[in-house]
Amino acid sequence: MREYPVRKTIKISNDYIIDIVKSEFGEYKVLNDHIISSYPGLKKLELWTDGKKLCAETEADTEYANPAETIKKFNDLLEEITGYNSKERKKLFSKLK
């Protein structure tokens, strides 16, 4: 499980996450306040929030032929939800260590 910071201008909620997941991946289900979806290259993508941070748990599909596409799609999803692109997230994570 990984926690991602969210820009203060974004009011994160499960409904907010559901709207984005629905537009990006189409299908999803909600189980115990966790939004669960999948995408080629990701067998399972589980997202939830504590009200301040985005929490994500993923399970990779190691047999998928194009992992670079999966990584780009996942990074685009995280940027849309959190407001931070991958370079900004890396900078934030390096400050935490």
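The values are calculated or read from the model by the stated rules, or taken from the named source; none is laboratory data. Note that the structure is a prediction, hence the values are computed from the model and not measured. Heads up, the Cβs are rebuilt from the backbone with ideal geometry, glycines too, and the neighbour counts pull from every protein chain shown.
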Unique residue being touching a helix residue (DSSP H, G or I) at 6+ places or on another chain (Cβ under 7 Å) and either of a type outside the set (D, E, K, R) or within 21 Å of Val21 (Cα to Cα) (or both) when the list is Asn66, Asn85: Asn85
Wholly enclosed strands (runs of 3 or more DSSP E) of the chain bearing at least 3 residues touching a residue at least 40 places away in the same chain (Cβ under 8 Å) and within 14 Å of the chain's Cα centre (by Cα): 2-5, 53-60
Residues located in the stretch 43-97, provided they are in contact with a strand residue (DSSP E or B) (Cβ under 8 Å, 6 or more places away or on another chain), small (Gly, Ala, Ser) and surrounded by fewer than 16 Cβ atoms within 10 Å (Cβ to Cβ): Ala60
Selection from the stretch 59-81 of residues that are in contact with a Phe, Trp or Tyr (Cβ under 9 Å, 6 or more places away or on another chain) and either modelled with pLDDT of 95 or more or among the hydrophobic types (A, V, I, L, M, F, W, C) (or both): Phe74, Leu77, Leu78, Ile81
